[in-house]
Amino acid sequence: IKVYLKRGSAYSSGYGCNRGCVNLIAVLMGFALQVYHAACNGELYSRPFIESFEETPMLVAVLTYMGYGILTIFGYLRDFMREWKIEKCHIAREREEQKDFVPLYQDFENFYTRNLYMRIRDSWNRPICSVPGATFDLVERSSNDYNWTFEYPGRVVKDVINLGSYNYLGFAENTGACATAAGEVTVKFGVGMASTRQEMGNLDRHEELEKLVASFLGVESAMAFGMGFATNSMNIPALAGKGCLILSDELNHASLVLGARLSGSTIRVFKHNNMQSLERLLRDAIVHGQPRTHRPWKKILILVEGIYSMEGSIIRLPEVIALKKKYKAYLYLDEAHSIGALGPYGRGVVEYFGLDSKDVDVMMGTFTKSFGAAGGYIAGRKDLIDYLLTHSHSAIYATSMPLPVVEQIITSMKCIMGKDGTTIGRSRIQRLAENTVYFRRRLREMGFIIYGNNDSPVVPMMLYMPAKIGAFGREMLKRNIGVVVVGFPATPIIESRARFCISAAHTKEMLDRALDVISEVGDLLQLKYSRHKVLPSLDRPFDETTYEENKE
């Protein structure tokens with residue numbers, strides 16, 4: 001049975017339109033159709049919008065729950081053995097003389113960390129000893145006590161292919177224009193600023209950076225901060241407070257969640273990228289107002305991200321902007337992963353959809369991914385930036401961004417904009433897009449379940465079962481491929497995954513080598529769960545994707 005899904009067609013829509021009809025037809029045809037999201041309001045989109053989230057196979061879901069159940073049972077057994085001194089206890093514990101105090105270390109809450117995370121802890125925090133570029137060198141380590149402690153024998157694993165870093169445009173490098181410029185600034189200005197921007201830490205290079213960011217984004221003004229996480233967590237409380245309503249996507253980053261909570265605003269969560277859910281909350285907010293008093297909300301702020309780093313999905317920004325205008329709300333857009341990585345000129349999700357940056361009230365992003373540096377920015381109207389200068393805790397109390405970091409950002413941004421007199425930046429953006437499409441297509445052809453948008457350089461590959469989280473990371477490292485694996489509680493309990501991040505620095509040979517290894521390990525661990533096999537076809541039209549039901 002073959003199913004043809006036209007890109008951007010109404011009947012392949014993920015939310016609304018004829019999705020119910022498609023699912024009904026699928027049931028009648030006797031198979032579960034892959035959840036395939038396309039743009040519903042076609043008039044709002046200047047380009048096709050496709051995202052796929054294949055449903056978890058029932059058998060895999062059952063086995064995953066069973067796996068967590070078995071691990072939980074053995075965890076309680078091991079805790080019992082630790083309590084009776086049968087097994088050595090490595091965890092932080094209260095001193096005997098403090099046993100009647102309120103516990104400082106929340107013992108039960110750390111159950112997952114003790115008994116599940118520690119068993120596969122070697123899959124994280126791996127120390128590297130080189131530039132985290134397309135490849136890196138990794139320090140070997142071993143453990144004789146089930147990952148509670150590590151030993152370092154002094155050996156180094158050379159040339160591990162890096163599929164985990166956010167180095168989207170390949171600017172995390174120690175040679176070239178960026179490294180040279182940062183080195184010269186370090187010699188001239190040093191590393192530390194030893195003051196805040198409000199006092200003695202405001203240099204001309206900070207001012208130049210902010211003007212360049214504003215020019216790059218096409219807005220009136222911008223403001224830079226030394227830490228990306230604090231850009232969200234410290235600025236949202238300055239923009240919203242008591243009597244305000246924040247509508248937050250359920251998969252928003254922890255920095256957005258923390259900022260919303262610190263603001264003291266009322267927070268309501270809408271389903272991920274679901275415009276009906278968002279509109280329902282907006283309508284209720286307008287109709288009912290604040291709880292008890294029913295007074296109108298002082299302001300309504302919508303928090304969304306450009307690319308969601310665990311799902312690989314892209315925000316349905318044209319629809320969000322349409323709703324924001326309809327209900328007179330404000331929009332806060334976090335472009336940490338999309339700035340530099342989306343759009344023909346790397347200007348992010350706004351450019352990707354061909355929208356006007358003035359329609360986004362607060363544009364936030366970080367320099368930690370595509371620019372190979374650190375810190376973040378807020379951009380928008382000049383009066384917004386003037387307000388944050390005197391109301392943002394991150395602006396008033398945080399130490400200024402170090403000048404070598406500033407220079408790295410300025411040089412890389414000029415390269416992306418073509419202001420360095422070369423086409424290197426443009427070619428990197430194009431190479432990233434090509435690598436992304438190629439990598440995603442090959443993984444689907446192999447039979448893996450891949451989440452997210454076709455154009456997203458964040459590529460989640462589903463692992464599901466807890467035992468396969470550590471096994472996949474270890475087997476890949478044995479074959480000199482460095483990957484990031486993620487499980488509960490960072491993801492839903494039955495949706496553990498490996499998250500690949502594609503870079504413009506990856507050559508086709510690197511990607512082919514990585515794909516061959518992924519396929520080999522996928523066969524070894526039985527990870528090719530997809531029930532919808534993509535038929536490889538070099539001559540099929542760009543606007544058509546062909547699926548064939550897997551008979552297995």
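Below are the figures for this structure:
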read-out: DSSP bridge pairs, the stretch 327-480: antiparallel proportion in percent, nearest 5; value: 60
read-out: Distance in nm between pseudo-label sites at Trp84 and Leu524 (7 Å out along the Cβ direction from Cα); value: 3.9
read-out: Positive dipole terminus of the chain, leading residue within Pro466, Pro48, Tyr438 (C-beta point charges); value: Pro48
read-out: Zone residues, the stretch 150-173, relative to Ile128, backbone N less than 14 Å from point 7 Å out along Cα-to-Cβ; value: 157-173
read-out: Links that overshoot a 22 Å alpha carbon limit, given the list Lys271/Lys328; Lys299/Lys324; Lys271/Lys528; Lys211/Lys242; Lys271/Lys382; value: Lys271/Lys528; Lys211/Lys242; Lys271/Lys382
read-out: Förster-model FRET efficiency, 41 Å R0, Arg261 and Ser142, C-beta, rounded to 0.05; value: 0.55
read-out: Spin-label model distance (nm) - Asp359 vs Lys299, 7 Å beyond Cα toward Cβ; value: 2.1
read-out: Heavy atoms of Ser277: accessible area, 1.4 Å probe, square angstrom to 10; value: 10
read-out: Amide H within-cut-off set for Phe500, under 5 Å, with H built and near neighbours excluded; value: Val459, Met461
read-out: Sparse-neighbour loop sites [GluC sites (Glu not before Pro); the stretch 47-136; at most 14 other C-beta within 10 Å; DSSP]; value: Glu55, Glu87, Glu94
read-out: With all protein chains modelled, accessible area of Ser233 [1.4 Å, Å²]; value: 10
read-out: Estimated vicinal HN-Hα couplings, Hz - the stretch 367-380 in sequence order (Karplus 6.51, -1.76, 1.60; Gly, Pro = x); value: 9, 7, 10, 5, 9, x, 10, 8, x, x, 8, 10, 9, x
read-out: Theoretical FRET efficiency, 1/(1+(r/R0)^6), r = Cβ-Cβ of Arg474 and Ala254, R0 25 Å, to 0.05; value: 0.40
read-out: Full-extension gain in nm, Asp383 to Ile91, via 0.36 nm per residue minus C-alpha separation; value: 100.0 nm
read-out: Calculated [θ] (222 nm, deg cm²/dmol) that DSSP helices of n ≥ 4 give over the chain, each run adding -39,500 (n - 2.57); value: -11500 deg cm²/dmol
read-out: In sequence order, calculated HN-Hα J values of the stretch 284-292 (Karplus, 6.51, -1.76, 1.60; Hz; x Gly/Pro); value: 5, 5, 6, 6, 9, x, 6, x, 6
read-out: 27 Å Cα-Cα threshold exceeded, pairs from Lys369/Lys508; Lys298/Lys325; Lys326/Lys419; value: Lys326/Lys419
read-out: HN-Hα J in Hz across the stretch 394-407 - Karplus 6.51, -1.76, 1.60, θ = phi - 60°, x for Gly and Pro; value: 5, 7, 7, 10, 7, 5, 4, 5, x, 5, x, 5, 4, 5
read-out: Dipole magnitude of the stretch 340-411, debye to nearest 20 (Cβ charges: Lys/Arg +1, Asp/Glu -1, about Cα centre); value: 120
read-out: Solvent-accessible surface ranking, highest first, for Thr436, Thr422 at 1.4 angstrom; value: Thr422, Thr436
read-out: Protein accessible area in the chain, 1.4 Å probe - carbon and sulfur %; value: 57
read-out: Dipole in debye (nearest 20) - the chain, about Cα centre, beta carbon charges: Lys, Arg +1; Asp, Glu -1; value: 760
read-out: Sites matching trypsin sites (Lys or Arg not before Pro) across the stretch 212-295 that sit in DSSP coil, with at most 12 neighbouring C-beta atoms within 10 Å; value: Lys242, Arg292
read-out: Theoretical gain in end-to-end length, Tyr345 to Ala61 [0.36 nm per residue, Cα-Cα removed]; value: 98.1 nm
read-out: Listed peptides 299-308, 149-158 by packing density, highest first (mean Cβ within 10 Å); value: 299-308, 149-158
read-out: Accessible area per residue in Å² at 1.4 Å probe, computed on the chain; value: 47
read-out: List Val102, Val362, ordered by accessible area with a 1.4 Å probe, largest first; value: Val102, Val362
read-out: Those aspartates and glutamates that a straight Cα-Cα span of less than 13 Å connects to Lys158, excepting residues fewer than 8 apart in one chain; value: Asp137, Glu140
read-out: Label-point gap, in nm, between Leu104 and Glu184 - each point 7 angstrom along Cα→Cβ; value: 5.1
read-out: Antiparallel bridges, percent of DSSP beta bridges restricted to the chain (to nearest 5); value: 70
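The values are calculated or read from the model by the stated rules, or taken from the named source; none is laboratory data. Bear in mind that the values here come from a model prediction, so they are computed numbers and not experimental data. Backbone-built Cβ (ideal geometry, glycine too); neighbour counts: all protein chains shown. Protein only, heavy atoms only, side chains kept; ligands, DNA and RNA dropped before computing areas. Shrake-Rupley method; radii C 1.70, N 1.55, O 1.52, S 1.80 Å.
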